[in-house]
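All remarks here apply to the structure that follows.
The values are calculated or read from the model by the stated rules, or taken from the named source; none is laboratory data. Since the structure is predicted, the reported quantities are computational estimates derived from the model, not experimental observations. Because the Cβ atoms are built from the backbone with ideal geometry, glycine has one as well, and the counts that use them run over all protein chains shown. The accessibility values were calculated without ligands, DNA or RNA, using every heavy atom of the protein model including side chains. Shrake-Rupley method; radii C 1.70, N 1.55, O 1.52, S 1.80 Å.
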Amino acid sequence: MLVLGVHQGANAFLPFIPFLKLTEQKKSRNLVLALDVKQQEDYFGAIGYSLAVALRDKVAPIIASAHALAFVKSYFKPKEWHIYKNNNLVLLIPKDYLIAHDIKDVEQAGFNLDDWKNLELSQESMQGAQLYALLAPQLTLDLPFADLSRDSVKMISQTIKKDKNNVWKMYAVGHGAPDAHQVTGLNLADFRMLLDEFQERSMDFLVYETCYGGSTNQLRDVYAETQGSSFKKFSFPIIASALGDTPSFSAHPSSGITFKGLFSKVTNSMILEKKMAELLKIINEFNKGLDFASNYHWSNNLLLVRMPGKEFFEPIADNKFVFNLTEFNKLQRDGKNDSANFKCFLLNHPVLNEAYDFSTYSNFMIASGISRDEHYIKEITFAAQEGKSNETYFADVVELFNSLACPEHEKIFYLPTIRMGTALVLTDVTITQDPEWGYQALSIKGMVGDSFYSGYGYFDGKTKYYTTIALGSANQGKKYRADYEKAVSKHVKKQHQYPLSISSALVSFDRP
């Protein structure tokens with residue numbers, strides 16, 4: 001109720017209380033979720049990378065699976081944190097964060113701490129075995145994953161207050177599984193429950209990073225309650241670090257990644273106004289997806305955003321970074337292909353019986369989702385520098401396919417003709433993902449004239465390794481060609497039934 005004091009004068013009254021604050025100002029609150037309730041990491045891995053960066057940056061409270069903290073102890077100084085434990089979860093609130101946000105005590109940080117036990121840890125207690133015994137849940141692996149997941153979501157939901165004056169910026173990371181059986185370390189049903197819980201709070205945005213979280217998974221499995229049902233809508237932006245049904249990657253803290261920009265610079269209005277170039281630059285500080293200023297060329301991590309009230313995702317890019325090869329070819333024919341910003345070409349259809357000219361583009365990659373094992377492209381032309389050896393040209397081709405990243409599937413690409421500018425023509429080329437060497441190792445075989453070449457390459461975002469063997473035997477080349485023609489003939493006949501259109505790996509970009 002507004003009460004005015006008045007001074008009675010000549011036909012006038014004046015308030016002597018000129019201002020009264022009627023509503024509380026919205027308070028920005030940050031949170032990192034690092035969930036490994038299945039205890040899948042028994043080393044410093046993908047979740048540990050993100051957790052270590054959050055511990056180092058100290059720009060947000062963290063709710064983490066207690067198990068994960070044991071592997072990042074070198075990034076953690078107990079005296080800099082308020083530490084709480086609840087069964088298999090740990091809540092860490094940076095003291096620097098409270099000061100920066102003018103929060104007087106932990107109770108005002110947006111958390112309900114009734115069910116949490118306050119821990120006093122010393123640096124001496126941060127030894128591996130002692131820390132794990134103190135923090136790690138007891139006998140949780142004897143419980144079903146569904147129970148562990150549901151308990152974690154209930155604890156998180158009870159902990160984050162439903163105070164509408166707290167506006168949350170959230171980042172979540174955790175392991176995912178194909179067909180969305182697991183998302184950010186949680187059972188699918190529980191991840192949906194967590195989204196519903198966020199809907200009941202004031203949210204600035206949610207960013208989540210999980211393997212196999214893109215494409216049809218994001219729509220059909222995660223956001224539709226049943227097969228064929230309409231997609232659930234949310235009132236806040238959701239950003240996913242996953243292009244398709246493929247693994248995503250976390251970058252090591254030593255690579256320079258940071259959460260500082262995400263929590264200090266990204267706002268709800270920035271996302272809604274689609275300031276994509278600015279947003280991409282900030283989020284790539286921790287994502288390292290299509291960050292071509294660095295050595296990380298991981299198309300799998302291309303950022304997608306789902307705007308409030310929408311049923312679809314779209315790429316976060318200042319231009320169209322991702323193009324389906326079929327779509328790209330149509331633009332070429334129509335003479336409309338005037339953008340030099342393409343970075344990732346998604347190969348979805350199993351048979352592309354046309355020629356594609358990439359000679360005017362540099363620093364891009366060719367990627368494929370998990371939904372296809374085999375692909376055929378009739379002809380591709382790449383840019384080439386004159387004077388290279390044949391072995392170097394083969395290595396250049398392999399690098400363009402370095403972002404396949406589907407370890408569960410052995411990818412095979414058939415390319416009858418590859419032109420390296422006007423310098424060299426490679427024929428009968430097979431590029432294969434070799435699961436024995438890991439998902440970033442590719443083998444390549446092909447012909448230059450009558451000479452048969454075989455080699456393999458490995459790329460981890462920083463280092464290239466390539467070796468090749470040129471076998472000049474005419475009989476070896478003849479046999480390889482015969483086997484190649486049989487394999488291609490069988491593949492094309494089997495796969496040509498699919499319609500030539502944008503398929504599963506781009507579903508998430510298309511409005512229903």
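Numerical summary
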item: Residue 206 vs. criteria within 23 Å of residue 279 (Cβ to Cβ), touching a residue at least 24 places away in the same chain (Cβ under 8 Å) and crowded, with 20+ Cβ neighbours inside 10 Å; result: yes
item: All positions within region 216-251 that are of a type outside the set (A, V, I, L, M, F, W, C), surrounded by 16 or more Cβ atoms within 10 Å (Cβ to Cβ) and farther than 14 Å from residue 310 by Cβ; result: 216, 217, 220, 221, 241, 244, 245, 246, 247, 248, 250
item: All positions within region 180-198 that are of a type outside the set (Ser, Thr, Tyr) and either more than 17 Å from residue 235 (Cβ to Cβ) or not in a helix (DSSP H, G or I) (or both); result: 180, 181, 182, 183, 185, 186, 187, 188, 189, 190, 191
item: Residue in region 297-305 that is part of a helix (DSSP H, G or I), modelled with pLDDT under 70 and within 15 Å of the chain's Cα centre (by Cα) present; result: yes
item: Output for region 432-455, where each listed residue is under 34 Å from the mean Cα position of the chain (by Cα), at pLDDT 90 or above and open to solvent by less than 30 Å² (accessible area, probe 1.4 Å); result: 446
item: Neighbours by Cβ (under 6 Å, 6+ apart or cross-chain): first from region 79-98, over 21 Å from residue 185 (Cα atoms) and open to solvent by 10 Å² or more (accessible area, probe 1.4 Å); second among the basic types (Lys, Arg) and not in a strand (DSSP E or B); result: 80/95; 96/58
item: Residue ID - farthest from residue 101 (Cα to Cα), chosen from residues in region 151-168 that are open to solvent by 10 Å² or more (accessible area, probe 1.4 Å) and touching a residue at least 40 places away in the same chain (Cβ under 8 Å); result: 151
item: Extreme residue, modelled with the highest pLDDT, among residues of region 258-293 that are acidic (Asp, Glu) and more than 15 Å from the chain's Cα centre (by Cα); result: 273
item: For residue 254: the one exception among (1) in a loop (DSSP other than H, G, I, E, B); (2) of a type in the set (Gly, Ala, Ser); (3) open to solvent by 30 Å² or more (accessible area, probe 1.4 Å); result: (1)
item: Conditions (1) more than 24 Å from residue 243 (Cα to Cα); (2) at pLDDT below 85: number failed by residue 381; result: (2)
item: Residue among 183, 207 that alone is at pLDDT 95 or above and β-branched (Val, Ile, Thr); result: 207
item: Single residue of 391, 408 found to be over 18 Å from residue 485 (Cα atoms), part of a loop (DSSP other than H, G, I, E, B) and at pLDDT below 90; result: 408
item: Qualifying positions in region 177-203 - within 18 Å of residue 151 (Cα to Cα) and either open to solvent by less than 20 Å² (accessible area, probe 1.4 Å) or in contact with a Lys or Arg (Cβ under 6 Å, 6 or more places away or on another chain) (or both); result: 182, 183, 184, 185, 186, 190, 191, 194, 195, 198
item: Among the residues listed as 64, 68, 34, 54, the single one being closer than 27 Å to residue 201 by Cβ, touching an Asp or Glu at 6+ places or on another chain (Cβ under 7 Å), outside any loop (DSSP other than H, G, I, E, B) and modelled with pLDDT of 75 or more; result: 68
item: Inter-residue pairs, beta-carbon under 9 Å, first touching a residue at least 40 places away in the same chain (Cβ under 8 Å) and in region 33-57, second open to solvent by 50 Å² or more (accessible area, probe 1.4 Å) and not aromatic (Phe, Trp, Tyr), 6+ apart; result: 37/151; 38/141; 39/141; 47/40; 49/252; 52/74; 52/252; 57/260
item: Residues being under 20 Å from residue 68 (Cβ atoms) and touching a Leu at 6+ places or on another chain (Cβ under 7 Å) - total across region 90-110; result: 1
